[in-house]
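Since the structure comes first, as C-alpha cells, the remarks are kept for the end.
The values are calculated or read from the model by the stated rules, or taken from the named source; none is laboratory data. Predicted model only: the values in this text are computed from it and were never measured. Here the Cβ positions follow ideal geometry from the backbone for every residue, glycine too, while neighbour counts run over all protein chains shown.
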Amino acid sequence: MDTTATLDLDLDLDQRTAEELIVHAWREEQLRHLGLPSVLAELFADRVDWHELAALLARGCPLMVAFEIIR
C-alpha cells in the first residue's frame, strides 16, 4: 500500500473534521446571538437553519415558538 496516499487521506480527514468543528461553532454562535440558550444552540447547530429562525424572529414570532417551527 502506498503510505503517501494513506497520509494524504489522514490529513484530509483531520482537516475536514477541523473545518466541520469551525462551522459548527459558527452556527452555534449565530443561534446564540438570536437568543437561543447555549445548550439548545449547541445541540441544534447542525440540525436547524439559523436563517429560518432569524426570519421568523424578524416577523415578530416569539423565540421558542420560532424554534419549534424550524425544529
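Restricting to the stretch 57-67, give me the number of residues that are over 16 Å from His33 (Cα atoms) and within 17 Å of the chain's Cα centre (by Cα).
0
Search the stretch 23-34 for residues that are closer than 13 Å to Val48 by Cα and pair each with any residue that is exposed (fewer than 13 other Cβ atoms within 10 Å of the Cβ) and not hydroxyl-bearing (Ser, Thr, Tyr) when their beta-carbon atoms are under 7 Å apart and the residues are at least 6 apart or on different chains.
The qualifying pairs are His24/Asp46; Arg27/Asp46.
From the list Ala5, Ala18, pick out the single residue that is over 18 Å from the mean Cα position of the chain (by Cα), in a helix (DSSP H, G or I), at pLDDT below 95 and of a type in the set (Gly, Ala, Ser).
Ala5
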